[in-house]
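Engineer: Structure in structure tokens, see below.
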Amino acid sequence: MNLTPRPRDLTMLLTGGRPAPADTGKPESVETEIPKNRKTVKPSDAEGWVKTSVSLRASTRRRLKTWAAEHDMRIQEVVDAALETYLGLK
């Protein structure tokens, strides 16, 4: 009884059935640039961002998302600024 695993070609599994791109020796170019009009807000202290989860009414989330888009901000930036103001941290 041979328990050694057989080598298998996993190309189809890894590419989702699509043929693998030709290897040209150059990395594929991917645009990862932040849009020029995007404000980048980073924490000013060493604390940094942490993930959390909250439940909002659907109408509140829609208004929040709209306001953030109109002011070219991320939702997390709006919530952070609002909580800092509400808690008297700013």
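What follows is calculated from the coordinates using simple rules that are stated; it is not laboratory data. Quantities reported herein were computed from a predicted structural model and do not represent experimental measurements. As a convention, Cβ positions derive from the backbone with ideal geometry for all residues, glycine included, and neighbour counts pool all protein chains shown.
Engineer: Can you work out ³J(HN,Hα) from phi for every residue in segment 75-83, in order, using Karplus 6.51 cos²θ - 1.76 cosθ + 1.60 and θ = phi - 60°, giving whole Hz and x for Gly and Pro?
Structural biologist: For segment 75-83, the Karplus curve yields 4, 4, 5, 5, 4, 4, 5, 5, 5 Hz.
Engineer: Once you have the Cα-Cα distance between Arg63 and Ile75, take 0.36 nm times their residue separation minus that, and quote the gain in nm to one decimal.
Structural biologist: That works out to 3.3 nm of additional length.
Engineer: Around Arg63, what is the net charge, scoring Lys/Arg as +1 and Asp/Glu as -1 over all other residues with Cβ under 14 Å from its Cβ?
Structural biologist: For residues surrounding Arg63, the net value is +3.
Engineer: Mind checking the full-extension length gain between Glu84 and Lys51? Use 0.36 nm per residue of separation minus the Cα-Cα distance, one decimal, nm. Don't skip to the answer; put the middle values down first.
Structural biologist: Details: separation 33, 0.36 × 33 = 11.88 nm, distance 1.65 nm.
Going from the current span to full extension adds 10.2 nm.
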